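Reviewing the structure listed below.
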Amino acid sequence: MNLVFTGTYYDGKSDQSYQAQVHLEPGQLRITYQNPNQSVPIAVYWQPSRIESNADAAAEITVLTYGKNATQKLEIPEPDFKNYLEKQYPPVVAEPPSEVLPVSKVPTWFWLSGIGILAAIFGFYMWGLSYLADKAAWIIPQSTDEYVGKRVYQQVLEDAQPEPELTQYVKGFLRQLKVPSTYQLQVTIIRDKNVNAFALPGGYLVVHHSILEKMQHPEELVALLGHESGHVQNRHATRALFRSLGSYLFVSYLFGDILGVSAVLVENASVLKNLEYSRHLEEDADKFGFSVLQQNHINPRGMIQLFQRLKQAEKASGNSQPSEFLSTHPPLESRMQAIQAMIKENPYPVQPPDSLQYYWLKIKQSQE
């Protein structure tokens, strides 16, 4: 219903009064008046909730005010106006504030549900996201793995001192071995005093000359190359990077941004040289290394001897590893015990190829 009344309007800016038409429209009160200085009528809208009535019950004139600073005023001389106003805009009854349930009365199921949700979010962040990132690292094309490995390998060589002659002999040594790998394995020897070796994605193996100097038997080098090849074949470096950069890489992969994944892997691959794999990944590489020894009929004790060299180097540097329960990286003692168990459970005849001895002698002679 749209009701119209006649009244006197004051705009609150001056003492000037205007004859006005007052419209009780749904949701708003509209005042229309004519300013002598303007040719077009002026319309003013009042919100019912902000209108204050100063009408006396016995008075015939209803006075309404609106606003705080420049208060507008409206005088309606019609006796029935007030009744129509209250019917059109009934006063809003304030609802009582909702009672806040005391903490002591909150149901137990509410707290348990909240704790369960928080635990699920935390668990997904800690383990679920890492698990999905690990799976995504397996799904990326091998060509991406090789591309990342090549770029990182180039970065490594920029800051390293390659040993060309020693590298050629170790490459010849590696060619004599049967290594079940889908990658084209490439080995490089660099001059570095740290007794170490590491694998890069895509088939790149980097060996420090100092670890070769510690070796006394060719089967130790077979064990080392087999172990690092295991890291390559099982994509341990890529998986470790995916886990550490989990959320970003996983989301990028979901949206098909393979180039973005590659760029992030290359940018963060500097950690690969000092990467410590988890217990599970390191044990996988040891098993792969043992299988290489077995397939080539080479003495499996070469891996035990390799670990003994590493342990001696640790003692010499004063860098003893923490106990097995305090580290995710399995200590050498545990790894030696695992290999001894493999040797006992999987006996095989030892008959290494004669060509290995040739390259082994070349490697040792070049170090003299």
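The values are calculated or read from the model by the stated rules, or taken from the named source; none is laboratory data. Values in this document were obtained by computation on a predicted structure and should not be read as measured data. Every residue, glycine among them, receives a Cβ derived from its backbone with ideal geometry; neighbour counts consider all protein chains shown.
Assorted remarks:
- Within region 178-201, tally of residues that are in a loop (DSSP other than H, G, I, E, B) and touching a Ser or Thr at 6+ places or on another chain (Cβ under 9 Å): 12
- Scan region 22-45 for residues that are under 23 Å from Pro90 (Cβ atoms), free of Cβ contacts under 8 Å to residues at least 24 places away in the same chain and out of contact with any helix residue (DSSP H, G or I) (no Cβ under 9 Å at 6 or more places or on another chain) and the total you get is 3.
- On inspection, Ala199 qualifies as out of contact with any Phe, Trp or Tyr (no Cβ under 9 Å at 6 or more places or on another chain) and at pLDDT 85 or above.
Rundown of residues vs (1) outside the structural domain of Leu221 (by TED's automatic domain parsing); (2) assigned to a helix (DSSP H, G or I); (3) under 24 Å from Thr167 (Cβ atoms); (4) modelled with pLDDT under 90, yes/no style:
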site: Leu306; (1), (2), (3), (4): no, yes, yes, no
site: Lys311; (1), (2), (3), (4): no, yes, no, yes
site: Ala341; (1), (2), (3), (4): no, yes, no, no
site: Lys344; (1), (2), (3), (4): no, yes, no, no
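So that you can scan it fast, the table gives a plain yes or no per residue for (1) outside any loop (DSSP other than H, G, I, E, B); (2) over 17 Å from Val63 (Cα atoms); (3) in the same structural domain as Thr71 (by TED's automatic domain parsing); (4) among the small types (Gly, Ala, Ser):
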{"position": "Tyr9", "(1), (2), (3), (4)": "yes, no, yes, no"}
{"position": "Ser14", "(1), (2), (3), (4)": "no, yes, yes, yes"}
{"position": "Ala20", "(1), (2), (3), (4)": "yes, no, yes, yes"}
{"position": "Leu24", "(1), (2), (3), (4)": "yes, no, yes, no"}
{"position": "Ile31", "(1), (2), (3), (4)": "yes, no, yes, no"}
{"position": "Asn37", "(1), (2), (3), (4)": "no, yes, yes, no"}
{"position": "Val40", "(1), (2), (3), (4)": "no, yes, yes, no"}
{"position": "Tyr45", "(1), (2), (3), (4)": "yes, no, yes, no"}
{"position": "Ser49", "(1), (2), (3), (4)": "yes, no, yes, yes"}
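- For region 202-217, a tally of residues being part of a helix (DSSP H, G or I) and surrounded by fewer than 22 Cβ atoms within 10 Å (Cβ to Cβ) returns 5.
- Qualifying residue in region 99-108 (condition: farther than 22 Å from His23 by Cα, outside the structural domain of Tyr9 (by TED's automatic domain parsing), modelled with pLDDT of 70 or more and surrounded by fewer than 12 Cβ atoms within 10 Å (Cβ to Cβ)): yes
- A residue that is of a type in the set (A, V, I, L, M, F, W, C), at pLDDT 70 or above and not in a loop (DSSP other than H, G, I, E, B) can be found somewhere in region 77-87.
- Scope region 46-67; condition under 60 Å from the mean Cα position of the chain (by Cα) and either over 14 Å from Gln88 (Cβ atoms) or not polar (S, T, N, Q) (or both); matching residues: Trp46, Pro48, Arg50, Ile51, Glu52, Thr65, Tyr66, Gly67
- Conditions (1) modelled with pLDDT under 90; (2) out of contact with any helix residue (DSSP H, G or I) (no Cβ under 6 Å at 6 or more places or on another chain); (3) surrounded by 11 or more Cβ atoms within 10 Å (Cβ to Cβ): number failed by Leu129: (2)
- Cross-chain or 6+ apart pairs with Cβ under 6 Å, region 343-368 first and more than 13 Å from Glu219 (Cα to Cα), then surrounded by 10 or more Cβ atoms within 10 Å (Cβ to Cβ) and acidic (Asp, Glu): Ser366/Glu165; Gln367/Glu213
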